[in-house]
Amino acid sequence: EDFNSENVELVDKLVTDMTIYEDFLSDTEEKSILEEIEPYMNKLRYEFDHWDDAIHGYRETERLNWNENNTNILNRVRKLAFPPNVGQLKFVHILDLDKKGYIKPHIDAVRFCGDTIAGLSLLTDSVMRLVHDKHKNLHADVLLKRRSLYIMKNAARFDYTHEILSNENSFFKGDPVNKDRRISVICRNEPDPRNKND
Ligand code: AKG
């Protein structure tokens, strides 16, 4: 496929719709979140063997109530990711990927989630790959550093699959990225009600 002007426009859109905030969390804030969630997470078992799962080697939960400190951190995420008039999912998704875990390419279902996904990356660096669903040659690898926040919206959220590469496949600009156990803490907004029955 030619790299034509349509593609240039698509790439422009991807850059505006996928933002990374490095060092969004301080060391202390990362620790504070881990201290609240790990006692619960550590009791769950990693799932490895569901062949049809989008995620390999993971355990997950959703959390509604947070201590005051972590509520303040999550409010900082929400304020940056969502305009004031947007309905947000109150539950925060926590995904714990084993060192051997990875996330296969997928687009989040439009009946469960609106136009924005905001994710904190804890414990390790990793590489997220975005591939345009209709133009597979349009893709971008994004380095998700430990303690960074990504905000994926609109075109990046709807038109591209996203995946977290396995440790063996984690390279960024040619350099290996050592992906260890990774915990992501993800805020989403309400789905568009028109997509409820999809
Ligand atoms: C999903 O929950 O759909 C993800 O792909 C999670 C991405 C992440 O762990 O940051």
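The values are calculated or read from the model by the stated rules, or taken from the named source; none is laboratory data. Small disclaimer: the values here were computed from a predicted structure and weren't measured. Please note: Cβ atoms are built from the backbone with ideal geometry, for glycine as well, and neighbour counts cover all protein chains shown. Keep in mind that these areas ignore ligands, DNA and RNA; they rest on the heavy atoms of the full protein, side chains included. Shrake-Rupley method; radii C 1.70, N 1.55, O 1.52, S 1.80 Å.
Key figures
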| quantity | calculated |
| --- | --- |
| Chain lengthening between His106 and Phe48 when straightened (0.36 nm per residue, less Cα-Cα) | 19.1 nm |
| Karplus-derived 3J(HN,Hα), 6.51/-1.76/1.60, for each residue of segment 64-81, Hz, glycine and proline x | 9, 9, 10, 5, 4, 4, 6, 4, 5, 5, 5, 5, 5, 5, 4, 5, 6, 8 |
| Accessible area of the chain belonging to carbon and sulfur atoms, whole % at 1.4 Å probe | 50 |
| Proximal aspartates and glutamates to Lys145, defined as alpha-carbon separation beneath 12 angstrom and excluding residues fewer than eight positions away on the same chain | Glu22, Asp23, Asp125, Asp180 |
| Protection proxy ranking, peptides 106-113, 154-161, 84-91, average beta carbon neighbours within 10 Å, highest first | 154-161, 106-113, 84-91 |
| Calculated [θ] (222 nm, deg cm²/dmol) that DSSP helices of n ≥ 4 give over the chain, each run adding -39,500 (n - 2.57) | -7500 deg cm²/dmol |
| Too-long pairs where the Cα-Cα distance tops 25 Å, listed order kept, from Lys43/Lys90; Lys43/Lys100; Lys13/Lys179; Lys99/Lys134; Lys79/Lys136; Lys31/Lys79 | Lys13/Lys179; Lys99/Lys134; Lys79/Lys136 |
| Solvent-accessible area per residue for the chain (1.4 angstrom probe, square angstrom) | 55 |
| In order through segment 87-104: 3J(HN,Hα) via Karplus (6.51 cos²θ - 1.76 cosθ + 1.60), integer Hz, x for Gly, Pro | x, 10, 5, 6, 6, 9, 8, 10, 10, 10, 9, 4, 3, 8, x, 7, 10, 6 |
| Gyration tensor over alpha-carbon atoms, segment 91-146, equivalent ellipsoid semi-axes in Å | 20, 17, 11 |
| Descending semi-axes in whole angstrom, ellipsoid equivalent of the chain, from the Cα gyration tensor | 26, 21, 17 |
